[in-house]
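The values are calculated or read from the model by the stated rules, or taken from the named source; none is laboratory data. Worth saying up front: this structure is predicted, and the values here are computed from it rather than measured. Because the Cβ atoms are built from the backbone with ideal geometry, glycine has one as well, and the counts that use them run over all protein chains shown.
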Amino acid sequence: MHVSPRSHIQARMLRRALLGLLALLASRADLGGEGGRNGMRSRDRERGGLSLMLVVLFAGLAALAGIVVDGGAKLIAHENAVAVAQEAARAGAMTVDESAAYSSGSFVVSQQQALAAARGYLIRAGYGRFAVTADGSRAITVSVTVTEPTRFLSLIGVNSFTCTGTATASLVIGVTGPTG
């Protein structure tokens, strides 16, 4: 899955806006003052203290928002990776070797056709990072890796995160269950 340039532009604009706001708040905070002056009033010493507190609180809230928004996006990306892996594994597991089925009556997953079907599904769906393996003669395992950009955490240098989903699909013939 590719990352759109638009999301990088949005993250860059958000980063600039937040840094500009922090710079504005910091410039409003009167941290310098004239500390050596005798008889300085208490009110003058605390001037700018509220602005400094707002800068610190704003940074904390921005970090919390980043964890919530980008953490939620990571959970969704992981769920999507697992769902796509399951769909591709099913697509491969449904590929039965027809010649073996007609000649012996045994329904077996054609490993080459199953691998090709799962790969074809993932390529058509737009995924480029995946692994497809045959798991014996009656199953197929698919692993899909998805990379998503971050929205808030890019402010601290975390530009993307990667999630991997894995699924195995088995060929089941008829109805199975307890006999009796």
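Go through segment 114-141 and count every residue that is under 16 Å from A83 (Cα atoms), in contact with a strand residue (DSSP E or B) (Cβ under 6 Å, 6 or more places away or on another chain) and not aliphatic (A, V, I, L, M).
5
If you take the residues in segment 152-167 that are of a type outside the set (A, V, I, L, M, F, W, C) and under 30 Å from A134 (Cβ atoms), which one is surrounded by the fewest Cβ atoms within 10 Å (Cβ to Cβ)?
Per the stated criteria, the residue is T162.
When you go through R28, R41, R119 one by one, which is the residue that is modelled with pLDDT of 75 or more and among the basic types (K, R)? Don't jump to the end; show me each part of the working.
Values: R28 fails: modelled with pLDDT of 75 or more; R41 fails: modelled with pLDDT of 75 or more.
Going through R28, R41, R119 in turn, just one is modelled with pLDDT of 75 or more and among the basic types (K, R): R119.
Report yes if some residue within segment 124-133 is among the small types (G, A, S), farther than 30 Å from F152 by Cβ and in contact with a helix residue (DSSP H, G or I) (Cβ under 9 Å, 6 or more places away or on another chain); otherwise report no.
no
Quick one: in segment 44-92, of everything that is acidic (D, E) and at pLDDT 85 or above, which residue is surrounded by the fewest Cβ atoms within 10 Å (Cβ to Cβ)? Steps first, please.
Going through segment 44-92, the residues acidic (D, E) turn out to be 44, 46, 70, 79, 87.
From the residues that got through so far, the ones that are at pLDDT 85 or above too are 70, 79, 87.
Details: D70: 20, E79: 12, E87: 18.
Here the residue is E79.
Please verify whether segment 98-107 includes one or more residues that are of a type in the set (D, E, K, R), surrounded by 13 or more Cβ atoms within 10 Å (Cβ to Cβ) and either over 30 Å from V158 (Cβ atoms) or at pLDDT 85 or above (or both). Don't jump to the end; show me each part of the working.
In the first step, residues of segment 98-107 are kept if they are of a type in the set (D, E, K, R); the result is 98.
Those left that are additionally surrounded by 13 or more Cβ atoms within 10 Å (Cβ to Cβ): none.
Within segment 98-107, none of the residues are of a type in the set (D, E, K, R), surrounded by 13 or more Cβ atoms within 10 Å (Cβ to Cβ) and either over 30 Å from V158 (Cβ atoms) or at pLDDT 85 or above (or both).
Can you tell me how many residues within segment 132-151 are surrounded by 20 or more Cβ atoms within 10 Å (Cβ to Cβ), more than 24 Å from the chain's Cα centre (by Cα) and among the charged types (D, E, K, R)?
0
If you check every pair at least six apart or on different chains, which have Cβ atoms under 7 Å apart with a residue in segment 115-133 that is in a loop (DSSP other than H, G, I, E, B) first and a residue that is surrounded by 14 or more Cβ atoms within 10 Å (Cβ to Cβ) second?
Final answer for the pair search is G126/M1; Y127/M1; Y127/V84; Y127/V144; R129/T145.
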